[in-house]
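Contents: one structure, followed by commentary.
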There are 2 protein chains.
Amino acid sequence: MDQRPRLDDVAARVGVSTASVSLVLRGAPGPSAETRRRVLEAAAELGYRADRTASMLARRRRHLLGVMLDIRNPFHAELVEEIQAEADRVGYEVVLSTLTRHRDEERAVETLLDFRCEAVLLLGPDFTDKRLGALAGQVPVVTIGRRVADRDVDVVRSADHLGVAESLAHLIGLGHRRIAFVDGGRGAVAAARRRGYRDAMRRAGLQDEIRIIPGDHTEEGGIRAGRLLAVADDRPTAVVASNDRLAVGLMDAFLRAGLEVPHQVSIVGYDDSTLARLAHIDLTTINQDAPAQAKFAVSAAVQRLDEGRRERVETVLNPHLVIRGSTAPPP
Amino acid sequence: MDQRPRLDDVAARVGVSTASVSLVLRGAPGPSAETRRRVLEAAAELGYRADRTASMLARRRRHLLGVMLDIRNPFHAELVEEIQAEADRVGYEVVLSTLTRHRDEERAVETLLDFRCEAVLLLGPDFTDKRLGALAGQVPVVTIGRRVADRDVDVVRSADHLGVAESLAHLIGLGHRRIAFVDGGRGAVAAARRRGYRDAMRRAGLQDEIRIIPGDHTEEGGIRAGRLLAVADDRPTAVVASNDRLAVGLMDAFLRAGLEVPHQVSIVGYDDSTLARLAHIDLTTINQDAPAQAKFAVSAAVQRLDEGRRERVETVLNPHLVIRGSTAPPP
DNA sequence: GGCGCCTTTTAAAGCGCTTTAATTGCCAGT
DNA sequence: ACTGGCAATTAAAGCGCTTTAAAAGGCGCC
């Protein structure tokens, strides 16, 4: 309400120019120790804080990273936490733009561009490669979580097919053969995991056991799939889910159908979300190392912005299996 | 990368001043129909979009609402969706600032202020009333979800005690007497619900049955409480949880302990989150009407900003019970 | 005392837009 | 022909900061 103090106010109070104050406040070289002290003191007294809007405009640089996410996705929540922390560390601010029912990816990105973010990080986007390429023509783009063919888009992802392959190796090692997969729907991430399942089954000589149940990366989807599978007469002895939420839905449906997990049926998830770690869910799943992905993504952006990198970079992390209580040998 | 077009570029292309272009683009009166047409055309051709940073600075008004939330909270996710939509409708932009492990409320709000949001909406803040009052001295503040005593802070909340009272009325109506409450921890929201439980139990003459299990608004907390309750020899016949996540944890723990819900024990949640609606969770719970809360909150802010309201307003919505499958008469 | 060389400070030119007051051009009215 | 009035347009002054080039001061040295 009462106007916040401006640079002028601080300058007037100390009796120096605004230039000096600006220099001091950003720790730039120039001002003498004495001036620094007095400016800092005055700023503190007035409770001065710079207006980001104004300083963004004045600096040719904005030091702003845009992040597009789906606020309902717990894995995104984890990533955002880490992105915030890392951005802080390297001196960038973060602006979040979320998908909602009435706000599609196009619109979410538009908002980020209107704020003139210097780079955008897209969490699991479903944009086409072509659209991503076009976007990368306007602003550095880093996608997290999926493969992108375009040669201007930086990518950070974990090797989804390896993750699924590890799950299968684990299950097969336990003696399972009839292993179904609950699908994650149309998205790019889901596609990679589905393909990983198919390939791994084939490589294990289990091509005849391949069975993909449609689904959609939500608990609801898992429940539907679970109901379906629970009553099948050729019920699989193990199920791999395209993500943790599906797995939780599955587990719930199985429990209600009177099936014991893992004794009658094993379940493996994907993401190692906080959900999976809950004592009673205790889900065997694939960890994607969100903190590492966040760090790589932020530094990909920063390298483009501050260090002039031009060539694309693709960082592929190796996911790893976390064995918990939802898997056991087949009955 | 290649500089985005600026106002000048559009103006030059049409052969008019930047002033005219600015007026046209914001639909302000003045420019002739012919000019409008040509400007719009040129803007489209160039793919011009205004730089929000610059226009915010130039306008004395910023048309920016800051929202502080906890990105891990599903109820917050719902609120944010609706806040976005409503803000859109009334011509405001929204900037999100989330709590994380390394970012407390103070810091989250600081970010919003640095962007010079014209008002801030705080989702379920744990600030003290005093701190909120101080904040309200700097910028209009709307809190959502809890009571605040300060006379400058606008409040939108649902009557938590009524919600809990309804839950109890429902359970008592079914014949329950031994009804426990799983607590939500230290926050302001949790306190209101706890109090609601105590009062309602007393009013029903069940003061001797009052039993409050510590907890913390997470699934984990629910699981701990569930384990505890499952083995108690004076096991309650019904449990009211301070929120849905707790309830889901409870339900999970009970199921694993071999207790049937609702036949051996009934559960009621709070929030009516999407989780509660899942076919297999099917939780009886309290609906808080997130869309309505979001609308009231946004319009509270807008009234202060655009219509000069000065007196505080407190909007208290009546929550309502949603009866689903997790409650039944006692065994 | 004058000169060059540092260090510290500051005037002033933006950043890309909005907004207001002033200007221009037209036409009707006298 | 001249004026007043109106609609359309624009020049120019910011918004609150950053940044650069230039100014000012201080010092030692010839």
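Numerical summary
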| read-out | value |
| --- | --- |
| For A:Asp199, inter-copy label distances in nm, listed shortest first [label point 7 Å out on the Cα-Cβ vector] | 6.1 |
| Folded to 0 to 90 degrees: helix B:188-203 orientation relative to chain B principal axis, Cα | 40 degrees |
| Relative contact order of the range A:55-145, defined on C-alpha pairs under 8 angstrom at six or more residues apart (%) | 34 percent |
| Equivalent ellipsoid semi-axes - Cα gyration tensor, the range A:17-77, angstrom | 34, 14, 10 |
| Residue exposure sequence - A:Leu206, B:Leu250, A:Leu122 - by fewest surrounding Cβ within 10 Å | A:Leu206, A:Leu122, B:Leu250 |
| Selection of GluC sites (Glu not before Pro), the range B:207-263, meeting DSSP coil and at most 16 other Cβ within 10 Å | B:Glu260 |
| log₁₀ of I(q)/I(0) at q = 0.12 Å⁻¹ - chain A, Debye sum with one point per alpha carbon | -0.85 |
| Estimated translational D of the range A:247-301 in µm²/s (Stokes, Kirkwood radius over Cα pairs; 4 °C; 1.567 mPa s) | 102 µm²/s |
| Relative contact order of chain A, pairs being alpha-carbon contacts under 8 Å that are 6 or more residues apart, as % | 16 percent |
| Residue order, fewest to most surrounding Cβ atoms within 10 angstrom, among A:Glu314, B:Glu166 | A:Glu314, B:Glu166 |
| Coil-residue trypsin sites (Lys or Arg not before Pro) of the range B:241-331, DSSP, other Cβ within 10 Å capped at 10 | B:Arg310 |
| Formal net charge of residues neighbouring B:Glu260 (Cβ-Cβ distance under 14 Å; K, R +1; D, E -1) | +1 |
| Estimated vicinal HN-Hα couplings, Hz - the range B:172-183 in sequence order (Karplus 6.51, -1.76, 1.60; Gly, Pro = x) | 5, x, 7, x, 6, 10, 8, 10, 8, 10, 9, 7 |
| Estimated distance in nm for a label pair at B:Arg202 and B:Arg177, the labels positioned 7 Å out from Cα along Cα-to-Cβ | 2.1 nm |
| Enclosed volume per residue, in Å³, of the convex hull spanned by Cα atoms of the range B:70-138 | 89 Å³ |
| nm² value of the averaged projected area, convex hull over the Cα atoms of the protein assembly as shown | 33.4 nm² |
| Residue-span extension gain [B:Ala134 to B:Ala169] - 0.36 nm each, minus C-alpha spacing | 8.7 nm |
| Hydrodynamic radius by Kirkwood, which averages 1/r over all alpha carbon pairs of the range B:230-331, in angstrom | 15.5 Å |
| Under-5 Å amide H pairs with A:Ala238, H placed in peptide plane, nonlocal only | A:Ala180, A:Ser266 |
| Whole-Hz ³J(HN,Hα) from phi, Karplus 6.51 cos²θ - 1.76 cosθ + 1.60, for the range B:14-31, glycine and proline x | 7, x, 10, 7, 5, 4, 4, 4, 4, 4, 4, 4, 9, x, 6, x, x, x |
| Sequence of A:Asp271, B:Asp208 once ranked by neighbouring C-beta atoms within 10 Å, starting from the fewest | B:Asp208, A:Asp271 |
| Alpha-carbon radius of gyration plus Dmax, which is the widest Cα pair, for the range B:169-289 in Å | 13.0, 38 |
| Helix A:105-114 axis, angle to chain A major axis (alpha carbon atoms, nearest 10°) | 10 degrees |
| Cα-centre dipole for the range A:1-153 with unit charges at Cβ (Lys and Arg positive, Asp and Glu negative), debye to 20 | 420 debye |
| Options B:Leu57, B:Leu122, B:Val109, ranked by Cα towards positive dipole end of the range B:1-160, top entry (Cβ charges) | B:Leu57 |
| Amide H contacts under 5 Å for B:Asp70, placed H, 5+ residues apart | B:Leu99 |
| For B:Arg37, inter-copy label distances in nm, listed shortest first [label point 7 Å out on the Cα-Cβ vector] | 7.0 |
| Nearest beta-carbon to the B/A symmetry axis - residue in chain B, distance in Å | B:Leu96, 2 |
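Bear in mind these aren't lab numbers, they're just calculated from the coordinates by the rules spelled out. Please read all numbers here as calculations on a predicted model, not as lab measurements. Don't worry about glycine lacking a Cβ; one is built from the backbone with ideal geometry, like all the others, and counts go over all protein chains shown.
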